[in-house]
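A short worksheet on the structure shown next.
The values are calculated or read from the model by the stated rules, or taken from the named source; none is laboratory data. Quick caveat: nothing in here was measured; it's all calculated off a predicted structure. Note that each Cβ is placed from the backbone with ideal geometry, even for glycine, and that neighbours are counted across all protein chains shown.
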Amino acid sequence: MRKFFLFLFLISTCVFALDIDEKIGQMIIVGFKGDSVKSRGFKQVQKQLKKGEISGVILFSRNIKSKNDLIQMNNELLKSSKIVPFISIDNEGGQIQRYDFIQTKSAKEIAKLSEKQAREEYQKMANLEHELGINLNFAPCVDLEINKNSIIAKKERSYGENSDIVSKYAEIFIQEHNKLNIINSIKHFPGHGSVAGDTHLGFVESTNTFKNNELLPYINLLNYDDKNMVMVSHVFNKNFDEKYPASLSELTLKGFLRGKIGFDGVIVSDDFDMRAIKNNYSLEETVEKAINAGVNLLVFSGNISKNDKNEVKKMRKIIKNGIKTGKIDIENINNSYERIINIKKLIEN
């Protein structure tokens with residue numbers, strides 16, 4: 001009888017371990033180097049998907065050599081995981097465009113078009129992404145063009161300063177993508193349009209420049225929260241948290257985005273390889289604080305800092321150790337997994 005109970009204990013322990021491994025894997029998106037199925041970087045992420053170590057990949061220009069190569073890579077990735085993987089890209093149009101198969105106008109240019117013309121532009125974008133096998137686009141940008149010296153304004157990434165106009169064109173973007181079961185992520189919560197700094201390069205603070213109307217697009221677009229994500233920025237803003245930037249702030253995410261605005265979908269980080277984070281926090285601090293803050297999906301592109309082929313292994317170890325030691329609340333893992341699986345069901349339909 002004792003052997004029987006020991007056997008049951010061992011089985012339940014193994015199932016729990018596999019369960020946690022799968023849940024942790026669903027919380028990680030990574031970039032890779034390579035532009036064909038023969039590339040070493042591609043084979044590495046394909047292997048990670050097969051093992052359930054990651055939730056998906058993010059594509060950049062470095063990954064796109066030709067349309068056929070990209071389609072082939074994406075098809076192979078889609079077949080590599082028992083849970084449909086995110087094949088993601090951040091493609092807004094204008095200067096933030098990762099492929100050159102078609103050219104889409106910038107947000108600033110789109111805002112000068114009629115709604116019908118804007119819809120036609122985004123319909124073409126969504127159709128192409130669907131053809132390429134992309135199922136998650138980290139766009140549109142809903143930052144308001146408040147500071148003309150901001151990286152948002154300089155790169156024409158905003159639809160303007162008026163939150164209603166921003167919301168209107170962002171909604172068209174979302175609608176055209178969602179028609180083809182492509183998930184979107186509005187960004188960069190709680191707002192990046194009032195600051196001149198660039199989080200790609202280092203610490204950025206918006207405490208004294210932030211305007212409350214920067215939050216309005218997130219409220220206006222709440223009807224789409226079950227089909228889309230909110231991307232949280234690395235901007236530091238004492239109006240929300242006096243200690244941590246938004247992406248590591250429980251006050252900002254659980255307290256404000258979920259508690260006050262009422263967003264109930266997937267919260268995704270901006271790229272944690274950006275220097276605003278890398279220069280100020282260790283990998284362990286970043287992962288632990290982000291998960292406890294309420295980030296469901298962690299993005300590490302390897303696009304800015306040196307690509308670490310062992311980074312996924314390190315992250316997974318940090319999360320598992322964090323759960324064991326109580327530094328990470330397992331409920332955050334369970335909640336993230338549930339939200340991610342629910343949104344992935346939309347991709348499969």
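When restricted to residues that are closer than 23 Å to Met315 by Cβ, part of a loop (DSSP other than H, G, I, E, B) and not small (Gly, Ala, Ser), the stretch 244-279 contains 8. For the subset of the stretch 170-187 comprising residues that are of a type in the set (S, T, N, Q) and assigned to a helix (DSSP H, G or I), which member is farthest from Asp226 (Cα to Cα)? Across the stretch 170-187, the extreme among qualifying residues is Gln175. Taken over the stretch 97-140, the criterion of being modelled with pLDDT under 95 and closer than 22 Å to Leu298 by Cα is satisfied by Gln97, Arg98. In the stretch 158-174, the residues that are under 10 Å from Asp143 (Cα atoms) reach residues that are among the aromatic types (Phe, Trp, Tyr) with C-beta atoms within less than 6 angstrom, at least six apart or across chains, in these pairs: Tyr159/Tyr169; Val166/Tyr159. Residues in the stretch 188-207 include at least one that is touching a residue at least 24 places away in the same chain (Cβ under 8 Å), on the phi > 0 side of the Ramachandran plot, surrounded by 22 or more Cβ atoms within 10 Å (Cβ to Cβ) and not in a strand (DSSP E or B). Among the residues of the stretch 219-241, just one is more than 19 Å from Glu288 (Cβ to Cβ), among the charged types (D, E, K, R) and modelled with pLDDT of 95 or more, namely Lys238. Suppose the filter is in contact with a His (Cβ under 8 Å, 6 or more places away or on another chain) and under 29 Å from Ile347 (Cα atoms); does Met229 pass it? Against the criterion (in contact with a His (Cβ under 8 Å, 6 or more places away or on another chain) and under 29 Å from Ile347 (Cα atoms)), Met229 does not qualify.
Residues in the stretch 142-160 that are under 26 Å from Asp35 (Cβ atoms) and surrounded by 24 or more Cβ atoms within 10 Å (Cβ to Cβ): Arg157 only. Scanning the stretch 195-238 for residues that are farther than 21 Å from Ser163 by Cβ and of a type in the set (Asp, Glu) yields Asp198, Glu205, Asp226. Listed by first and then second residue, the pairs with beta-carbon distance under 8 Å, at least 6 apart or on different chains, first residue in the stretch 217-233 and in contact (Cβ under 8 Å) with a residue 24 or more places away in the chain and in a strand (DSSP E or B), second of a type outside the set (Asp, Glu) and surrounded by fewer than 17 Cβ atoms within 10 Å (Cβ to Cβ), are Asn228/Asn178.
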